[in-house]
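Trainee: Below is a structure I'd like to ask you about.
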Amino acid sequence: MGSEVTGNIFVVDDDRFVLESVSALLNEYGFTVQAFTNGHEAIRQFVTRPVDLVLTDINMPNMNGIELLEKIRYLDRETPVVLMTAYADLDTAVKAIQKGAFDFIIKPYSPPYLVHAVEKGVHYKRLTQIEKNYKRELEITVEQRTSELAEALSRLTEMSREIIERLTAAAELRDEDTGVHILRIGQYAEKLAMALAMPDTFVDQIHIASAMHDVGKIGIPDLILLKPEALTCSEFETMKQHTVIGEKILWGSSHSMLQMGATIAASHHERWDGSGYPYGLAGEAIPIAGRITMLADQYDALRSERVYKAAFDHATTCDIILNGDGRTMPEHFDPRVLATFNEIKDEFGEIFDSSQQQEPVSSAAGALQQHLPLGV
């Protein structure tokens, strides 16, 4: 005869005549049958071999069908269990269904109905397994895609940072001794942001974005940017435009780091007392990223050698920033940022000293010493 559906079936019944007749019927339909006269042996075998369906009598000594069902359900929530009984007891049937029985057959059973119930149960088990495997494969696929996306995002982030660093270096190499200056600015700004308890995302971004503070210098004519003597008032006004140029270069990006870079480019020469440029902003109107970068840039300018000044040591630089020297004054800085700098100022010194050990030999462009007022 045979059936389109095949599978491994456990048949449990203490009546050997029923056990043999049911087993013979299912074998005839192509099922692989293992017969048990008690539930204990069936459970021992259940945990060691694959089973597609359990067909069990309800009324058995030692362990009845309901108890066997409960033990199977404890071990496995998916394998169908079909119960057989010689009594059409509605309460027992309801209890069996509540315990998780797949179907309920009344003895004497109709062979076609019994075969149909077994086929239906095996088919259900297969579909359940297919769904389970599909979900697992989907989870694996999602994990792989997530990992690939994270890796791609990491590569994109690194590429974005490199592009930003190269863009910044292109501007810096036109008027700075070396490109190490921009790296120090990023490190100073990161230290200040951390000490100010800024969000992690902010700290991570300002480390790169602050290095773009002077990117607008790429738009300043060489006759002004590289002029070996003092600038005229008109030329100095042109030089101030590097803040606006930098803002325009970086403005409008959907990338949050470039957005911060635009903000810093425009505001890193604004002063807390309103005496800065280009917009004359004061106090909290100056973005916090600009206030942080402004102090970082000022520290590095004081530490660096210029044609009109020698490089100041760390102690002198801190004294000028904290107490003023007539040109640089404490009121130029956000008081909270200034107080935080005072707490971690020695870390600034360590950053600068460490960079001096890495400083490359000045290039031809670097030989053109800075000639502008501090922090320009």
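The values are calculated or read from the model by the stated rules, or taken from the named source; none is laboratory data. Since the structure is predicted, the reported quantities are computational estimates derived from the model, not experimental observations. Here the Cβ positions follow ideal geometry from the backbone for every residue, glycine too, while neighbour counts run over all protein chains shown. We work out accessible area using only protein heavy atoms, side chains counted, and drop any ligands, DNA or RNA first. Shrake-Rupley method; radii C 1.70, N 1.55, O 1.52, S 1.80 Å.
Trainee: Can you give me the number of residues within region 244-274 that are within 35 Å of the chain's Cα centre (by Cα), among the hydrophobic types (A, V, I, L, M, F, W, C) and part of a loop (DSSP other than H, G, I, E, B)?
Mentor: Final tally of qualifying residues: 1.
Trainee: Okay, moving on. Does E190 count as within 22 Å of S355 (Cα to Cα) and not in a loop (DSSP other than H, G, I, E, B)?
Mentor: yes
Trainee: What about Y277, is it in a helix (DSSP H, G or I), within 28 Å of T316 (Cα to Cα) and touching a helix residue (DSSP H, G or I) at 6+ places or on another chain (Cβ under 6 Å)?
Mentor: Criteria not met by Y277.
Trainee: From the list T48, T32, exactly one residue is within 16 Å of K125 (Cα to Cα), open to solvent by 50 Å² or more (accessible area, probe 1.4 Å), out of contact with any Asp or Glu (no Cβ under 7 Å at 6 or more places or on another chain) and hydroxyl-bearing (S, T, Y). Which is it?
Mentor: Going through T48, T32 in turn, the sole match is T32.
Trainee: Additional query: Given the criteria farther than 21 Å from D204 by Cβ, open to solvent by less than 40 Å² (accessible area, probe 1.4 Å) and not in a loop (DSSP other than H, G, I, E, B), does L302 qualify?
Mentor: Here the answer is yes, as L302 does meet what is asked.
Trainee: Hey, can you tell me all the residues within region 94-115 that are surrounded by 19 or more Cβ atoms within 10 Å (Cβ to Cβ) and over 23 Å from N8 (Cβ atoms)?
Mentor: Correct list: empty.
Trainee: Can you name the condition, by its number, that E350 falls short on among (1) within 21 Å of V180 (Cβ to Cβ); (2) more than 40 Å from the chain's Cα centre (by Cα); (3) of a type outside the set (F, W, Y)?
Mentor: In the conditions (1) within 21 Å of V180 (Cβ to Cβ); (2) more than 40 Å from the chain's Cα centre (by Cα); (3) of a type outside the set (F, W, Y), E350 misses (2) alone.
Trainee: Looking at Q205, Q241, which one is within 24 Å of the chain's Cα centre (by Cα) and at pLDDT 90 or above?
Mentor: Just one listed residue meets the conditions, Q205.
Trainee: Can you tell me which residue within region 117-147, out of those that are open to solvent by 100 Å² or more (accessible area, probe 1.4 Å) and free of Cβ contacts under 8 Å to residues at least 40 places away in the same chain, is farthest from the chain's Cα centre (by Cα)?
Mentor: I130
Trainee: Could you list all residues from region 310-347 that are in contact (Cβ under 8 Å) with a residue 60 or more places away in the chain and under 19 Å from H181 (Cα atoms)?
Mentor: F341, E347
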